[in-house]
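Below: one structure, written as structure tokens.
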Amino acid sequence: MARERWEDVVAYYRTYLSLVQSLIKESKTMIIKLEPSQIMEEGVLQELLDKASKRKVSKVKAIAEFNAFFLKEIFHHIFNYIEECKEEFEPMDLKDYIVDFLEEADQTFDIFLTMVEEDKNQQHSSLLFRLFIILEKLLLPQGNSLEEIYNLLIQSAPEWYNAQRYVLQPTTFFREEIGEMVIPGLSPKIYQIINHITSLFNLDPNFLDSDENPDFVIPTIMISDVFEPYIDNIASAEEEAVKRICERMELKVIMNTFIGPTSRFLELAEPHRYISTQTDADGKTRWIPQLSNETLILLYLSRVSFRRGFLSKELINWIAMNFAFIIYNAILHAFMSDDNIFYNLFLDLKTEEKILPYLMKLLCFENYLRLDRTKIRDSPTYRKEIFTFLGKKIEAIDKLTYFLVDEIKKELNDK
């Protein structure tokens, strides 16, 4: 698949944003032209909608269908608002409020359009880049070494661990081959197994002489103990995947029987007191595990960040989607009032699936996540599948969204 240029993806991104904004502007113009008394007559609004919907705005079927959907939804929200508030407000006030809501939405889409620079070399001054950098430092920092990235993630973990863990756990899993070099996401079952590994190391380790350093005695756990609780519901392929994932967390299989830490693991974990040492009677150094829930997950996330050119398709889509959604939602929260009647329309699946995939691709470019953007799936079926999570309340994602909102407002106040 040919790699799309920055300019091409920006053009695609702006196509639907511009369409949404034009429909907002058109609706605002139609409402302004009405007398306040006409606002109260549903037949008048319906007639305006019918006339607008019948116009051919594009020869492209997908755009024409989206245009009809979006205009209908705008008026649906207006109908509902009038019905709910007609006893509370005068017709003139209702008209003013609807126009204000549309004006606010119009200005918000100005932000969406201008936050991306057409010139890729000018990105460092863009709002998209500034918001991305905040997220990247917390969730997927870049660094010159695995150790540097691990330290950065651990610094952020006390406040952001739930979000860090979340970006490793795609909700959708493809039946794709995971090669030796490919780093997959963590399924709920594998995440559970990793927690089980942590518990076994802390509570019931075996100790063996290290094959890497004769002066070390390292903790190990039996492979059979890891998988025994899951023997009835884990496939052999998944068991093999867990072994590969262990390797990516600097754990190794010993004598086909045990799982133990590599010397690299000891180097990474000791400064954070995830493992300590004591001297045995024979002078050897015994390593005592005291892992936290974060130890292995953040080490895996560090590897994901450090080796981001080798991620599975599912993980690339999941990471890019979370970054795109948090930024998109933060812009809505920052520039639209909470009582704006059109807010949920912009979070509608049909709206998101026309905008977010292109924002996901933009965030894959080299100034950003540096992920393979050709793996961002354009399938409408897939979009619906992966975006279903967006309608759910995920506390960690909400927290990050509002954190970005605060950063945006600070920047606006400074100006």
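The values are calculated or read from the model by the stated rules, or taken from the named source; none is laboratory data. Because the structure is a prediction, the values reported are computed rather than measured. Heads up, the Cβs are rebuilt from the backbone with ideal geometry, glycines too, and the neighbour counts pull from every protein chain shown. Note: areas computed on protein heavy atoms with side chains; ligands, DNA, RNA excluded. Shrake-Rupley method; radii C 1.70, N 1.55, O 1.52, S 1.80 Å.
Things to note:
- Figure legend. Inter-residue proximity from the stretch 22-36: first residues farther than 16 Å from His76 by Cβ, second residues surrounded by fewer than 15 Cβ atoms within 10 Å (Cβ to Cβ), beta-carbon distance below 6 Å, spacing 6+ or different chains. Indicated pairs: Pro36/Met92.
Quick grid of which residues meet (1) in contact with a Lys or Arg (Cβ under 9 Å, 6 or more places away or on another chain); (2) farther than 22 Å from Lys399 by Cβ; (3) open to solvent by less than 10 Å² (accessible area, probe 1.4 Å):
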site	(1), (2), (3)
Leu301	yes, no, yes
Gly309	yes, yes, no
Ile316	yes, yes, yes
Met321	no, no, yes
Ile331	no, no, yes
Phe342	no, yes, yes
Phe346	no, no, yes
Leu349	yes, yes, no
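- Taken over the stretch 264-295, residues that are under 21 Å from Gln164 (Cβ atoms), among the polar types (S, T, N, Q), touching a Ser or Thr at 6+ places or on another chain (Cβ under 7 Å) and open to solvent by less than 70 Å² (accessible area, probe 1.4 Å) amount to 1.
- Scan of the stretch 99-145 for residues that are over 20 Å from Val9 (Cβ atoms) and of a type in the set (Lys, Arg), ordered by number: Lys137
- Residue that is closer than 30 Å to His272 by Cβ, among the hydrophobic types (A, V, I, L, M, F, W, C) and more than 14 Å from the chain's Cα centre (by Cα), where the choices are Phe335, Phe310: Phe310
- Helices (runs of 4 or more DSSP H) enclosed by the stretch 1-114 - at least 3 residues per element that are over 31 Å from the mean Cα position of the chain (by Cα) and basic (Lys, Arg): none
- Restricting the stretch 242-263 to residues that are out of contact with any Leu (no Cβ under 9 Å at 6 or more places or on another chain) and among the β-branched types (Val, Ile, Thr), the residue that is surrounded by the fewest Cβ atoms within 10 Å (Cβ to Cβ): Thr257
- Neighbours by Cβ (under 8 Å, 6+ apart or cross-chain): first from the stretch 344-355, assigned by TED's automatic domain parsing to the domain that holds Thr401; second open to solvent by 40 Å² or more (accessible area, probe 1.4 Å) and part of a helix (DSSP H, G or I): Leu345/Glu73; Leu347/Gly391; Asp348/Glu73; Leu349/Lys384; Leu349/Thr388; Leu349/Gly391; Glu353/Pro380; Glu353/Lys384
- In the condition set (1) modelled with pLDDT under 90; (2) surrounded by fewer than 19 Cβ atoms within 10 Å (Cβ to Cβ), Ala11 is compliant with all but (1).
- Listed by position, the helices (runs of 4 or more DSSP H) enclosed by the stretch 208-296 that each have at least 2 residues that are touching a helix residue (DSSP H, G or I) at 6+ places or on another chain (Cβ under 8 Å) and modelled with pLDDT under 90 are 223-227, 236-248.
- Neighbours by Cβ (under 7 Å, 6+ apart or cross-chain): first from the stretch 52-76, among the aliphatic types (A, V, I, L, M); second open to solvent by 40 Å² or more (accessible area, probe 1.4 Å) and modelled with pLDDT of 75 or more: Ala52/Glu26
This table checks each residue for (1) of a type in the set (Asp, Glu); (2) at pLDDT 90 or above; (3) assigned to a helix (DSSP H, G or I); (4) within 15 Å of the chain's Cα centre (by Cα).
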{"residue": "Leu298", "(1), (2), (3), (4)": "no, yes, yes, no"}
{"residue": "Val304", "(1), (2), (3), (4)": "no, yes, yes, yes"}
{"residue": "Leu315", "(1), (2), (3), (4)": "no, yes, yes, yes"}
{"residue": "Asp339", "(1), (2), (3), (4)": "yes, yes, no, no"}
{"residue": "Leu359", "(1), (2), (3), (4)": "no, yes, yes, yes"}
{"residue": "Asn367", "(1), (2), (3), (4)": "no, yes, no, no"}
{"residue": "Phe387", "(1), (2), (3), (4)": "no, no, yes, yes"}
{"residue": "Lys399", "(1), (2), (3), (4)": "no, yes, yes, yes"}
{"residue": "Glu407", "(1), (2), (3), (4)": "yes, yes, yes, no"}
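- One residue from Gln123, Gln142 being closer than 30 Å to Tyr300 by Cβ, in contact (Cβ under 8 Å) with a residue 12 or more places away in the chain and assigned to a loop (DSSP other than H, G, I, E, B): Gln142
- For Ser305: the one exception among (1) open to solvent by 10 Å² or more (accessible area, probe 1.4 Å); (2) over 30 Å from Asp209 (Cβ atoms): (1)
- Taking the conditions (1) under 29 Å from Tyr402 (Cβ atoms); (2) outside the structural domain of Lys25 (by TED's automatic domain parsing) in turn, Gln107 satisfies each one other than (2).
- Qualifying positions in the stretch 351-360 - of a type outside the set (Ser, Thr, Tyr) and open to solvent by less than 10 Å² (accessible area, probe 1.4 Å): Glu352, Ile355, Leu356, Pro357, Leu359, Met360
- Qualifying residue in the stretch 273-288 (condition: within 30 Å of Lys137 (Cα to Cα), touching a residue at least 60 places away in the same chain (Cβ under 8 Å) and outside the structural domain of Leu168 (by TED's automatic domain parsing)): no
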